C-alpha cells in the first residue's frame, strides 16, 4: 500500500511497547508468556466479547460436550497485567510502527505481534453460505453451527450425510473429520448406522497424508462403512435440490444429501492481505515471516504466529505452544538489542476423535513426518482411550488455566 511521506495521525496515536493483534489462543498465550517474563505495557486488540476454545467445537458438534464448555468471556481469560482494547484492526503501517483501528484510533508500538487468525470464506463455494443457513446445513467451524450440528446429527435416523474438508490452507483441516467419526459411533450404538449413508470429501490423495495415521483412520472408515472421496473438492451446493457437486480426480460427481456438514475454504483476512506485511501473491496474503524465528522478513519489529503467519507447518492450535515459546524468547532478545536465537521446528498436532471414547493422536512436522512428543515412540498415533481422556478432559483444563496465562 502507498503511504504519504508524513506519518499519518501520529499526534492522535497511543504508544505501547508491544501491540498484539488478535485475542485468540495465539495472542493471549504469547502475551501471557511475555508478561510473565517481565515485559510491560502489552496491549491486545480483539473485537469479540467471547473467547472460544475451538478444538471443543468438534466435541460439541459430535455430541460429546455441551456448548458451554467451548466459551468464556474475553475479559475472564485475559492474562494478568495485559491490557485489552475491544476494537478491530483495519490497517497496519509498519513503516511508521502504527496500527489503525476501526474506531479510527491509532496505536504505535515498539514491537507488533500479528495473530488475528484465519478468515473463513463461506462465500468461496457457491451455495455454501445458504446451505449453512438452511435446516440441513451445519459445521464444527463456527460456534453456532457446531451447536446446530449436534442436534442434526443426533436426530438423524436415515438418509445421506456429506462431510467436506476444504482444499488449501485451513486451521486444523483434519478437524473436519472429527464429528463424522463421533456421529458414526453414535449411530452404530443406536442401531441407525446401517440406514445412513456417510460420504467424506477430502482434497488430498489420502485421508490425512501420513501413512501411520492413514492406516488408523482408514481402519475406522472401513469399520463405519464411510464412502471416502479422496482428491476431491466441494465445488457448489444446490440448496433447493439438497445436493452437492464435487470435483473428483478431474471429473465431477453430484451427491444428494439429507444433511451437509461442511468446512469452508479459508484464507488470510482480507484487511491483512492488503497490508505491507503480506507476502507475495502465492503466499496467500499471510504475514511474511521467517518460519523459524517468526520475525517478519522485511520489518524487524513485526512478528507473527498461528494461522495468520506464512509458516510451513500445518495450521493448528497444537502448533502454538512451541511457536509462543520461540516468539517470546526472540522478541525479548530483540528488546535487549540482540538477534533471535530460538527456532520453531514446524511441530503440529491433530487429535482425531475416531469414536466416542478413543483418539488417534497425529503429531508431525512441516514436512508431515511423524514427530512424536515422546521420541522414538509412535504409540500415541494408535487409537487409544488414553488420548481421548487427554483431548476431551485434560487439554481443555490446561488451555483455560495454563496456556492462556503463558504457563504451558
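Listing 184, 115 from fewest to most neighbouring C-beta atoms within 10 Å gives 184, 115. On the beta carbon distance between residue 95 and residue 194, with R0 = 51 Å, the FRET formula returns roughly 0.20. The largest-to-smallest principal axis extents of the Cα set in region 124-265 are 39, 36, 28 Å. With Cα atoms as the point set, region 271-408 shows a radius of gyration and Dmax of 16.8, 51 Å. Helix 143-155 and the longest principal axis of the C-alpha atoms of the chain enclose an angle of approximately 10°. Relative contact order of the chain: 18 percent, from C-alpha pairs under 8 Å at least 6 residues apart in sequence.
Size check on the chain: the Cα extents along the three principal axes, sorted descending, read 67, 47, 38 Å.
Taking 0.36 nm per residue of sequence separation and removing the Cα-Cα distance, the residue 321/residue 365 pair yields an extension gain of 14.5 nm. Mean projected area of the convex hull spanned by the Cα atoms of region 24-99, taken over all viewing directions: 6.3 nm².
Across region 111-215, Cα pairs under 8 Å and at least six residues apart give a relative contact order of 24 percent. Considering only 25, 140, 330, the Gaussian network model of the chain with Cα springs below 10 Å gives its largest mean-square fluctuation to 330.
What do you get for the angle between helix 178-189 and the principal long axis of the chain? Use alpha-carbon atoms, 0 to 90 degrees, nearest ten. Rounded to the nearest ten degrees, it is 30. Mean projected area of the Cα convex hull of region 1-128, taken over all directions, amounts to 10.4 nm². Working from Cα pairs under 8 Å separated by at least six residues, relative contact order for region 305-385 is 24 percent. Helix-only mean residue ellipticity at 222 nm, the chain, DSSP H runs n ≥ 4 weighted -39,500 (n - 2.57), per residue, nearest 500. What is it? My calculation for the chain gives -7000 deg cm²/dmol from helical runs alone. With axes computed from alpha carbons, what is the tilt in degrees of helix 320-335 against the longest principal axis of the chain, rounded to the nearest 10 within 0 to 90? Relative to the chain, helix 320-335 is tipped by roughly 10 degrees. Could you check which residue among 147, 341, 353 shows the biggest mean-square fluctuation in a GNM of the chain with a 10 Å Cα cutoff? Checking each option, the largest mean-square fluctuation is seen for 341. A full extension of the chain between residue 15 and residue 110 corresponds to an added length of 33.4 nm, given 0.36 nm per residue minus the alpha carbon distance. The ranking of 92, 297, 196 by Cβ neighbour count inside 10 Å, starting from the fewest, reads 297, 196, 92. Every Cα-Cα pair of region 70-165 was included, and the share exceeding 21 Å stands at 57 percent.
Subtracting the Cα-Cα distance of residue 80 and residue 235 from their residue separation scaled by 0.36 nm leaves 51.2 nm.
Among 200, 180, the ranking by other beta carbons within 10 Å of each residue's beta carbon, starting with the fewest, stands as 200, 180.
Normalised by 2.2 N^0.38 Å, with N the number of residues, the alpha-carbon radius of gyration of region 109-202 equals 1.29.
A short reminder: the numbers here are calculations on the coordinates, not readings from a lab. Values in this document were obtained by computation on a predicted structure and should not be read as measured data. Note that we place each Cβ from the backbone using ideal geometry, even for glycine, and neighbour counts take in every protein chain shown.
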